[in-house]
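Written below as structure tokens is the structure these notes are about.
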Amino acid sequence: MRDALDATPYDALLLLSFGGPEGPDEVVPFLENVTRGRGIPKERLKEVGQHYFLFGGVSPINDQNRALLDALRKDFAEHGPDLPVYWGNRNWGPYLTDTLREMVADGRRRVLTLATSAYASYSGCRQYREDLAGALATLEGEGLELPRIDKLRHYFNHPGFIEPMTEGVMKSLAELPEDVRAGAHIAFTTHSIPDAAADTSGPVEAHGDGGAYVKQHLDVARIVADAVRERTGTDHPWRLVYQSRSGAPHIPWLEPDICDHLEELHGAGVPAVVMAPIGFVSDHMEVLYDLDTEATAKAAELGLPVRRSATVGADPRFTAAIRDLVLERAATERGADVSPCALGTLGPSHDLCPVGCCPARTPRPAAAGADSPYA
């Protein structure tokens with residue numbers, strides 16, 4: 001981690017997340033926010049919301065963000081830097097625009113943003129940047145002085161993100177019955193996205209064949225699988241699989257689905273599986289329903305022993321990694337010689353999203369990138 005605890009020129013860190021309902025009455029309004037502009041009828045949204053209703057209409061993501069927010073503040077207070085941490089969501093309270101308005105009132109003028117998505121994709125990066133631009137446009141319309149906003153680089157291969165996931169896989173393997181443990185496979189899971197969105201993820205030079213989205217996940221899976229082999233002496237076969245598909249069935253999305261994969265492994269005589277959700281920062285609804293509920297039920301139906309490993313959440317190693325990323329970016333902005341921390345074959349990601357990175361089907365202004373209208 002960085003020795004110099006100087007966050008200059010930044011005067012605040014913004015935790016930017018997706019948001020989620022915190023009661024049954026909030027489910028449909030929340031989904032209306034998520035799907036705004038797509039013309040989806042309210043009755044259909046009620047059907048989609050059944051996953052939330054199974055859990056009392058409460059998504060765990062807001063509480064998980066509160067835990068991460070608290071952990072970051074404690075980490076900064078203990079180790080430095082002296083940097084306030086704010087929290088805003090794209091689709092539910094606390095809303096991003098309200099949080100930025102609060103930051104302006106507090107005199108914050110140079111803001112670093114941490115998005116709760118570790119990988120490159122339209123929905124995992126550019127859409128957050130578009131919402132930042134929309135919020136800044138609102139503040140500009142109100143005559144407020146706009147802060148300059150930068151976004152932390154993708155942290156999928158930072159050791160502080162990798163190590164908790166590796167430890168989670170190790171723990172899940174140890175929880176399997178001893179007679180099936182050595183033959184267990186690892187299913188590394190992430191959110192499925194349309195093939196077209198995957199192919200155009202990341203910088204233009206990374207486009208095609210799943211783009212940066214697939215390449216980054218595959219690199220993380222290899223890092224974790226290699227670490228597990230080194231620590232256990234057992235080479236567990238693995239595959240990157242997908243979950244949480246939505247949208248029209250005729251549009252190709254990344255496959256295979258986790259449930260289909262479990263059926264395939266069972267048919268091949270695999271004795272057990274560890275499901276490792278490397279695509280998710282915390283145990284939010286996609287993890288609770290698609291893995292802990294749906295995929296686990298499928299495994300029980302097959303008679304296939306499974307365990308689901310933990311996401312990083314507010315693990316102290318992850319909060320320390322965020323501190324490191326903040327100090328790294330601050331030093332870069334000051335013109336210092338920086339050695340970014342990254343594992344695997346891909347190296348550290350870019351600090352500034354280039355033009356053409358993770359493009360939208362309908363172009364919209366996006367902040368915190370080379371094409372930002374708010375430099």
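Here, each number is a calculation from the coordinates, and none is a lab measurement. Just so it is clear, the structure is predicted and the values come from calculations on it, not from any experiment. Cβ coordinates were reconstructed from backbone atoms using ideal geometry, including for glycine residues, and neighbour counts include every protein chain displayed.
Note that the range 315-331 has calculated 3J(HN,Hα) couplings of 3, x, 5, 6, 5, 5, 5, 5, 4, 4, 5, 4, 5, 4, 5, 4, 5 Hz, one per residue in order, obtained from phi through the Karplus relation 6.51 cos²θ - 1.76 cosθ + 1.60 (θ = phi - 60°); glycine and proline are x. Inter-label distance, D25 to L146: 3.7 nm, where each label sits 7 Å from its Cα along the C-beta direction.
At an R0 of 22 angstrom, the distance between the Cβ atoms of E205 and S339 translates into a FRET efficiency of 0.40.
Among V273, V111, V27, which comes first, then next, by fewest other beta-carbon atoms within 10 Å? Before the final figure, lay out the partial values.
Values: V273 28, V111 21, V27 24.
Neighbour counts put them in this order, fewest first: V111, V27, V273.
Scan the chain and report its longest stretch carrying no GluC sites (Glu not before Pro) that are both in a DSSP loop and have at most 10 other Cβ atoms within 10 Å. Write out the running numbers ahead of the final one.
Working: sites that count: E142, E145.
With GluC sites (Glu not before Pro) excluded where exposed in loops, the chain gives 146-375 as its longest stretch.
Computed over neighbours whose Cβ is under 9 Å from that of Y86, the net charge equals -1, Lys and Arg +1, Asp and Glu -1. Bridging of K46 to aspartates and glutamates at a Cα separation below 20 Å is possible for E22, D25, E26, E32, E286, D290, E294, once same-chain residues fewer than 8 apart are set aside. Using the Karplus relation 6.51 cos²θ - 1.76 cosθ + 1.60 with θ = phi - 60°, the per-residue 3J(HN,Hα) values for the range 190-199 come to 8, 5, 5, 9, x, 3, 5, 5, 5, 4 Hz, with x marking Gly and Pro.
So if we plug the beta-carbon distance of I251 and V48 into 1/(1 + (r/R0)^6) with R0 = 22 Å, what FRET efficiency do we get, rounded to 0.05? Let's see the in-between values first.
Working: r = 17 Å, r/R0 = 0.76.
It comes to 0.85.
Here the range 212-232 and the range 274-320 have alpha carbon centers that stand 17 Å from each other.
Going 7 Å from the Cα of R222 in the Cα-to-Cβ direction, what parts of the range 342-363 have a backbone nitrogen less than 20 Å from that spot? Counting only backbone N, you get 342-350. In the elastic network of the chain, a GNM with C-alpha springs shorter than 10 Å, the most mobile of T293, T319, T190 is T293. Ranked for footprinting exposure by Cβ neighbours inside 10 Å, fewest first, C341, C357 give C341, C357. The string of couplings for the range 166-180 from the Karplus curve (6.51, -1.76, 1.60, θ = phi - 60°) is 4, 4, x, 5, 4, 5, 5, 4, 5, 7, 6, x, 4, 6, 10 Hz, one whole number per residue in order, with x for Gly and Pro. Using R0 = 25 Å, the C-beta based FRET efficiency linking R239 and A196 works out to 0.65. Spin-label pair A77-R109: with each label point 7 Å from Cα along the Cα-Cβ axis, the two points sit 2.8 nm from one another. Helices in the chain, meaning DSSP H runs of at least 4 residues, each add -39500 (n - 2.57). Divided by all residues, the mean residue ellipticity at 222 nm is -12000 deg cm²/dmol.
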